[in-house]
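Shown next, in structure tokens, is the structure this report addresses.
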Amino acid sequence: MCPLQRPPGEGDLRGPCPGLNILANYGYINRNGYDTTVNIILASNKVFGMGIDLATAIAGYCAVVAGDILTLGLGLTGDNGILGSLLGDGLLGKPKGLDWSHYRFESDVSPTRNDVWYDNDPASIHIERFTSLYNRGLTKPGKGGIDLTVLTPHRQEWTRHSIANNPYYWNGPFTGLAVVTATHIFTYRFHANYTTGSLDGYLDGEALKLWEGVSGEPGNFKFTYGSERIPPNWYRRPAGFDYGLKEFSVDALWTLEQVPDLAAFGGNTGKVNSFVDVNVTDVTGGVLTATSLLEGNNMLCFAFATLHEFIPDLTRGLVKNTLQAVNQITDALAPVFAALDCPQLSKLDASYYDQFPSRRSAI
Ligand code: HEM
């Protein structure tokens, strides 16, 4: 039986991830919003059918850049290192939680949240963006609903919006290619209702409202912090059909084949409409091209290889022990590279990213 939904109490944390917020609201992970990566991985698998390989890669990486290696905090923790104190001596000096992992995990062009640059709040639902997605679901031909054919043009629309309005818009080789692709795909794959036992679930705007903590009707939608709910009569993906790295790679490729512009990684350079597209051939020393990037698992391989390459830079000054952070990421990523059968991408030239204002803290 499903445990009871309970909104967060005083001092409890919720953040930019509706999946994790739900797990905490229902007590599948600690209701206070801090838990070990192991518990978060197991709960993501149990409740949503997220593959253990995918959950491990995400949670393992997030714990390094937003937590204290072993634990993960779902939202703003302030400057007092609460996460570190949970499990003794954490690696981070001042762990800040997912809200403050900007451009390392928390990314621009989220499906329903704002870019951090606009209002410094990338964790609350952005009503205009949410309404736009809701309305797209209503106008989808046939029975309506929100699936990848709806989320992909939605992402394209808001990418254009960010290029035109956010001078620091960043669509990095990891955050853009992997995270933004993932959050759009996850919205459908993990929130859809699989009542029929089929792998093609169904998600409509009304269910999305519950998942995302939104009430009201179009024109007066309201987001309430911590109110995310599992819709009534919802069934997760059928047992035995977890959604892991390989399934994600297939969907990611499909998405970028529909709109190849979304595979352009780089960012604005401090002014609106100044988007510079970094050439993948230059960065990889010719191992990948714009064409081969969209073949097989190459795109995810490149995204994760970049993460691996940049981790010393990203964690410098943030963690007490950079070497341990690097080792932790190397361990978390080894199964990823093996599962995706990645080409050798050891020589990535990071100098191409120096032209972007956010370079030192972004990936
Ligand atoms: C396993 C550990 C997980 C971690 C560390 C994690 C972390 C995050 C973070 C940092 C974001 C914000 C990204 C952005 O700025 O766009 C995010 C967004 C998201 N996550 Fe998770 N997540 C995890 C598991 C899950 C699960 C199990 C689900 C299943 C429902 C999920 C669904 C989503 C969705 C749909 C979004 C997009 C939210 C939006 O902007 O509309 N995540 N996640």
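Rule-based calculations on the coordinates, nothing more; no lab input. On a predicted model such as this, the values are computed, not experimentally measured, just so you know. Note: ideal-geometry Cβ built from the backbone for every residue, glycine included; neighbour counts use all protein chains shown.
Things to note:
- With 10 Å bins from 0: P(r) over segment 1-65, alpha-carbon pairs, percent: 22, 57, 20, 1
- The share of C-alpha pairs in segment 202-276 whose separation exceeds 16 Å stands at 71 percent.
- Under a Gaussian network description of the chain, with springs only between Cα atoms under 10 Å, the residue in Val179, Val326, Val109 that fluctuates furthest is Val326.
- Rough spin-label spacing in nm, given labels placed 7 Å along Cα→Cβ, for Thr196 and Gln355: 4.8 nm
- Put simply, the amide H of Gly266, placed in the peptide plane, has neighbours under 5 Å in Asn171, Gly172, Val278, leaving out anything fewer than 5 places away on its chain.
- Sequence of Asp35, Asp313, Asp349 once ranked by neighbouring C-beta atoms within 10 Å, starting from the fewest: Asp349, Asp313, Asp35
- Dividing the helix sum by the residues of the chain, where each DSSP H run of 4 or more adds -39500 (n - 2.57), gives a mean residue ellipticity at 222 nm of -12500 deg cm²/dmol.
- In this structure, the amide hydrogen of Glu106, modeled 1.01 Å from its nitrogen in the peptide plane, lies closer than 5 angstrom to those of Ser101, counting only residues at least 5 positions away or on a different chain.
- Amide H contacts of Tyr243: Met50, Gly51, each under 5 Å away and 5 or more positions distant or on a separate chain (H built 1.01 Å from N in the peptide plane; Pro and chain starts excluded).
- Contact order relative to length of the chain, as percent, for alpha carbon pairs under 8 angstrom and 6 or more apart: 18 percent
- Rg over Rh [alpha-carbon atoms, Kirkwood Rh] for the chain: 0.93
- Backbone phi angles across segment 126-134, fed through the Karplus curve with coefficients 6.51, -1.76 and 1.60 (θ = phi - 60°), yield HN-Hα couplings of 8, 4, 5, 5, 4, 4, 4, 5, 4 Hz in residue order; Gly and Pro are listed as x.
- Taking other Cβ atoms within 10 Å as a rough exposure proxy, Glu157, Glu10 sort from fewest to most as Glu10, Glu157.
- DSSP beta bridges in the chain [antiparallel fraction, %, rounded to 5]: 85 percent
- For the chain, lysine pairs with C-alpha atoms less than 25 angstrom apart, excluding pairs fewer than eight positions apart on the same chain, total 9.
- Thr139, Thr36, Thr195 arranged by Cβ crowding within 10 Å, fewest neighbours leading: Thr139, Thr195, Thr36
- Split the chain at each of the trypsin sites (Lys or Arg not before Pro) in a DSSP loop with at most 10 other beta carbon atoms within 10 Å, and the longest piece is 1-142.
- Per-residue extension of 0.36 nm, minus the Cα-Cα distance of Gln258 and Ser215, leaves a gain of 12.3 nm for this segment.
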